[in-house]
Structures are given as C-alpha cells and as structure tokens.
Amino acid sequence: MQFIKSKPIAHSCFNFTRSLSDFSTLSNLLQGRISHNHLLQIHARVFRIGAHQDKLIATRLIGQYPSNISLRVLHGQLKEPNLFPFNAIIRVLSEEGNFADAFVVFNKLRYQSLLPNQLTFSFLLKACSRSGNSYYVQQVHSLVLKLRLGDDSSVFKGLLSVYARSLRDLHSARKLFDEMPEKDVISWTCLIFGYAKLGLSEEALCQFLSMVKKSLIPENDTMISVLSACSKLDMSNIEKWIGNFLYDLGSSGCDSVRIVLVYLYGKWGKVDKSREIFEQISGDGKRSVLPWNAMIGAYVQNGCALEGLSLFQLMMELNCCCPNHVTMVNVLSACAQVGNLYLGLWVHEYMKGSRQKGFLLSNANLATALIDMYSKCGSLEKAGDVFDQLVVKDVVSFNAMIMGLAINGKGMEALKLFSQMLELNLRPNARTFLGLLCACSHSGLTAEGRQIFKEMSHCFCIAPGLEHYASYIDLLARVGYVEEALQVATSMPFKPNNFVWGALLGGCMLHNRLELAQIISSILVEVDPNNSAGYVMLSNTYASDQRWSAISRLRLSMKEKGVAKMPGCSWINIAGVAHEFLAGSSSHPQNESMHGILQVLLKEMKLASI
C-alpha cells in the first residue's frame, strides 16, 4: 500500500514542478516587446495551463495590452490581485494619457486595502504631468504625506517635476524643493527648468550658481534650461551676470560655467572673449555638443559666419560629439550669410542620412533654416521642395517661404502662397506682412503693396511696426513715389531710423532726385553717425553735383569721428571651402598668385583689342 500511495505523490510532485517551470517560461516570454500574434499565443497558453491567476504573469500580460484589454485582465480574470497588477494598469493608463481612469483604478486599489508604493505614485504622477490638472496632483501630494513617504526621494522628485514642469506652479515647487532632505542634480534641474520656462531668467541663473557651488555637475538637460534662461536676459543685465559667473569660475573652474560665459559673451557681442573662454573648456567638456553650439552661435549671431563654419568643420573632424538640430540651424544660418550652398546641401543630406529625416520635416526651426538658406543661396526650387515635404505647415514655415520668394523677386508667387495660407485658415502675423511688403517692394507691385499695408490693420488687426513702415516706404521710393514715401515717413507713429532714411535715399538716387538726396543723406548721417553708408551716399550726391570741396569736408568729418568706410565683401565657394574677399585687402593667402593671373588676363585682353 505504501508503494501504491507513493506513486501519486511522486506524480503530483512532478506535475507541480512542471507547472512551476511552465509558469516561469511564460513569465519570461512576456518580457520586452512582443508581436500581437505571439502575445495572443502566449495568452492562450496561459489559460490552457491555468496560469491566469499567477500575479506575475497577470502583471506582465497587463503591461503588453492597451488599457481596454488590460482592465479586463485585471477585473475579469484575476480573482485576488495584489499591488503589482494594479501598478501595471495604472502605468498603461498614464502612458495613454488617461489620467481620470488611472485615478479610478488607484481608488479601487485603496478600497481593497492595498498600500500603494513609490512605483504607484511614480505612475500616477506621470498621469498627472500629462493632464496638467492641479487637483489630482494635490491629492497625490496629500496622500504621500499621509502615508509618510516623504523620505522616498523618487516620489518627491516626481512631485517636484510635475509642479515645475507641467503645472508651472513655482511656489509649490520651491516649497517642496526647500523641504527635500537631499537635493540631487535632477531636483535642481526641475527647479531651474521651471524658472527658465516662466521667463524668470535671473532666478534660474541664481539657482544654477547655487547648484554649482555645491559641487554638483550639471547634466545636459540642466544646461539647456540655463542657456534658455540666458537667451531671455535683458541686454542691460548681461554684463552683471558675466561678472557673477566670472567670480564663480575662479572658485569652481567648472566647464558648465564656461559654457554659459561663452554664450553670454556672444550675446554681448564680444566674440573674441567667447572664443577665449571656449578654449579653456576641458577635453571632456567638449565631448558635449553644447559648448560647440554656444561658440558657433556666437560667431553666427555676430556676423562672423566663416569663423562659425570653420569651427563646425573642426568639430566634425575631431569627431568628439554629434551635431544636433541647434548646431545645424546655426550652420545653415551661416551658410545663408555667405551663400555657401555646397555646405548647406551637405547639412541637408547629413540630416537625411543620419536617420533624422522624420525629425527634419517635423522640426519647424530646422525646416525654416533650410528654406531660408536655400532661398538666400538662390536655390528656390530646393526651398520649395523642403516646404512641400513638411509634415505640418504652420505660419512660421509659410513666412519663411514667402520671404524666400520675396528676396528672389518672385512677388506674385509670394502673394499666391499667402492666399493658400488663408485657405488653410492659418492666421498671418506681423512677420507674414513684412514678407509680403518685401515681396511687393522687390517686384514693383505698388498697388498690391498699398492694399496689403492697408489690410494688415483693417482686416487682420495687426498694427504696422517700424519695419513694416520701412518696407512700405522702400516700395514707394523704388517706383518713384518719393514725396509720398517722405510723407509716410514723417507722419508715421515712429521716429524714422536709418533703414527708413536709407530707403528714401535709395529712391532719390535711383530717380535722380539729387537735391532731396543731399538733404536725406545729411539726416541719415545725423541719425546713424557711426555708419559709413550715410557718408558714402552723401559723398555720391556731392560728386554728382561736382561739389568736391564738400566731399573733402565730409571725409575730414569722418576722420575726426573715427568713422571708417566698411569695405566691400564677397565670397566664393571652391570645393566646399568658402573664400572671403575684402575690397582693398591683400590678406588672402593666394593673393599674389591671383593678381599674377589677373595681370596675364589683362595683357591678353589688351592684345585682343588691338
């Protein structure tokens, strides 16, 4: 009898062991990404061997399905769920943005006398961040305090992130931050992000300095928020903040502080100081794209396009970091400044070849920079291709294409594109009308320009700014309506600047209105005494009148005021390298050989004319 009894016991043990093995196999199969067909096969096997009541298998099944099926697994199949399946469904709902149902499930969890843990709150807070609903956040916060989970830093950091990033409630965020026993880089980054996003630049920079003084090393996300805060600083405050960072640099020697200084000096217009600080950044510091972006941006914003492109090429040669969309926007802007279509094409191909084509066609800043570059390099067809391929066309992309058509003398095409924009129910802004007025000015469309200038305020409720008046005055002056243009200039609600007087002067010179040109030239010199353009144009009007003594006095006045004539500048691209030539300069390394070839050509021309 004992032998007979021992068989079912052994058989039972074997079945139990096999069941455990099957359960473990199914549990492992449910990890990671699974195709839908494979998932259905596993689920069928779960039912076949009765594994649907296993908490771990149920939890992993829930994580594989969308919420409508996951909820059926939780409530319809699992008789006594523990905390883990509840956490799984709350995570699924939060990822779908279904915060209301996430809280319904959370309340059911509490009704079953289950205690939520830090993962529960992590998923709930993700749902809160997507909802932007402060009521739910406050509920979670109260419960965290009630359950005495304040010592759990991950829960506190989640709350801080929601307050600072999603709700933009800096009062609650700061109060929570001050109560945190330990503040790491993530906590500081959340707070700095919140201040920067709300435009509280100085407070964001104060927090950054405090963080650096605690010997914490900022992450890339921290620096992006800090540089964003720097971009919104008033020019009047830049010198003060440079002083603050220089003082801190002496004690910390931190690369992150140097990156900020590179950016601030560039914004202040002191490119040489930017480069000096850039060179002090360590090799490890330069493994991030941020210092390169700051320095290239400083060059481009201050009209040093060739230096910016040279630095970009150095970055690519060193292969120390990968360019991002900010790098490429700066590089494309530099290409537009010097007409380097070759490098612009390379950037476009690089972005398409680096698996970022989808991003390229969905990122408004990058697409706009490409359209602008192609337009200014004279390749309207390629600008149009980028525009046509955009996933979503917004006002910014339409504005870029309208301005591109405008500067290439395609006024009627620009007006047609504006009509298409209105058909899509996109509301034009001030930048749109500037492009349209520019298009009319460059194409001599006087009647259309008058109508647009009138309709922007009457039909679209956009008050013309000084730049709109300048463009409209340029339109009138170009076609010979100089008196009307002068009347607009003297009656507009702005004090005319150098661009307005320059447009009037250009019209006078174009239509041989020399007396008026001399008067306007004198005004232009008074308005912008440090700009040589006004002096040059006034000198030209004197020369037309053969007033040589007046020209001599004008040149003496320029010398006394220290005004130097800006030399003419041109660029030519050979084998991907942009060469810059300044009028009267012999600085180009191949200057002698080029002049030698010119002399040979001149001799051949003289011989051919004999």
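The values are calculated or read from the model by the stated rules, or taken from the named source; none is laboratory data. Since the structure is predicted, the reported quantities are computational estimates derived from the model, not experimental observations. Cβ sites come from the backbone with ideal geometry, for glycine too, and all protein chains shown count toward neighbours. These accessible areas exclude ligands, DNA and RNA; they are computed on the full protein's heavy atoms, side chains included. Shrake-Rupley method; radii C 1.70, N 1.55, O 1.52, S 1.80 Å.
The peptide list 166-176, 476-486, put in order of mean Cβ contacts within 10 Å with the highest first, becomes 476-486, 166-176. Here region 485-566 exposes an accessible surface that is 54 percent carbon and sulfur, computed with a 1.4 Å probe and the other protein chains kept in place.
Each of Glu95 and Ser113 was given a label point 7 Å from its Cα along the Cα-to-Cβ line. The distance between the two points is 3.3 nm. The residues of the chain present an accessible area of 53 Å² per residue when probed at 1.4 Å with all protein chains retained. Full extension of the segment from Asn497 to Asp388, taken as 0.36 nm per residue of separation minus the current Cα-Cα distance, would add 35.5 nm. Of the residues Ser491, Ser521, Ile551, the one whose Cα sits farthest towards the positive end of the charge dipole of region 485-566 is Ile551 (charges of +1 on Lys and Arg Cβ, -1 on Asp and Glu Cβ, taken about the Cα centre).
Quote the relative contact order of the chain in percent (integer), defining contacts as alpha-carbon pairs under 8 Å separated by 6+ residues.
In percent, rounded to a whole number, it is 4.
The ellipsoid that matches the Cα gyration tensor of the chain has semi-axes, each √(5λ) in whole angstrom, of 65, 28, 28, with the longest given first. Can you figure out the FRET efficiency of Asn82 with Arg48, using R₀ = 25 Å and their beta-carbon distance, to the nearest 0.05? The computed FRET efficiency comes out at 0.60. The calculated P(r) of region 95-210, using every Cα pair and 10 Å bins from 0, goes 14, 46, 30, 9, 2 in percent.
Between Gln313 and Glu239, the FRET efficiency estimated from the beta carbon spacing at R0 = 30 angstrom works out to 0.40. Rounded to 0.05, the FRET efficiency of the Glu381 and Lys606 pair, given R0 = 30 Å and the Cβ-Cβ distance, is 0.15. Take every Cα pair under 8 Å whose residues are at least 6 apart in sequence, average their separation, divide by the length of region 64-164, and the relative contact order is 23 percent. Taken about its Cα centre, the chain carries a charge dipole of roughly 1980 debye when the Cβ of each Lys and Arg holds +1 and the Cβ of each Asp and Glu holds -1.
Which order, highest average first, do 133-141, 54-62 follow once you tally other Cβ atoms within 10 Å for each residue and take the mean per peptide?
Per-residue mean Cβ counts within 10 Å order the peptides as 54-62, 133-141.
Tell me, what are the semi-axes, in whole angstrom and largest first, of the equivalent ellipsoid of region 251-315 as set by the roots of 5 times the Cα gyration tensor eigenvalues? Spell out each step's value before the answer.
On the way: eigenvalues 67, 38, 13 Å².
Taking √(5λ) for each Cα gyration eigenvalue gives 18, 14, 8 Å.
What shape does region 485-566 take by its C-alpha gyration tensor, where a ≥ b ≥ c are the square roots of the eigenvalues and a/c under 1.5 counts as rounded, a/b above b/c as prolate, and the rest as oblate? Since a/c reaches 1.5 but b/c is at least a/b, the shape of region 485-566 is classed as oblate.
Using just its DSSP H runs of length 4 or more, each adding -39500 (n - 2.57), the chain gives a mean residue ellipticity at 222 nm of -23000 deg cm²/dmol after division by all residues.
Each residue of region 295-378 gets 82 Å³ once the volume of the Cα convex hull is shared out per residue.
Each of the peptides 332-339, 496-503 was scored by the mean count of other Cβ atoms within 10 Å over its residues; in descending order, highest first, they stand as 332-339, 496-503.
Counting alpha carbon pairs within less than 8 Å and at least 6 residues apart, what relative contact order, in whole percent, applies to region 19-110?
Relative contact order here is 22 percent.
Here the gap between Val395 and Glu423, fully extended at 0.36 nm per residue and compared with their Cα-Cα distance, gives a gain of 8.8 nm. For the chain, the residue among Ser532, Ile49, Met316 whose Cα projects farthest onto the positive side of the dipole built from Cβ charges is Ile49. Placing pseudo-labels 7 Å out from each Cα toward the beta carbon at Ser457 and Val104 gives an inter-label distance of 5.5 nm.
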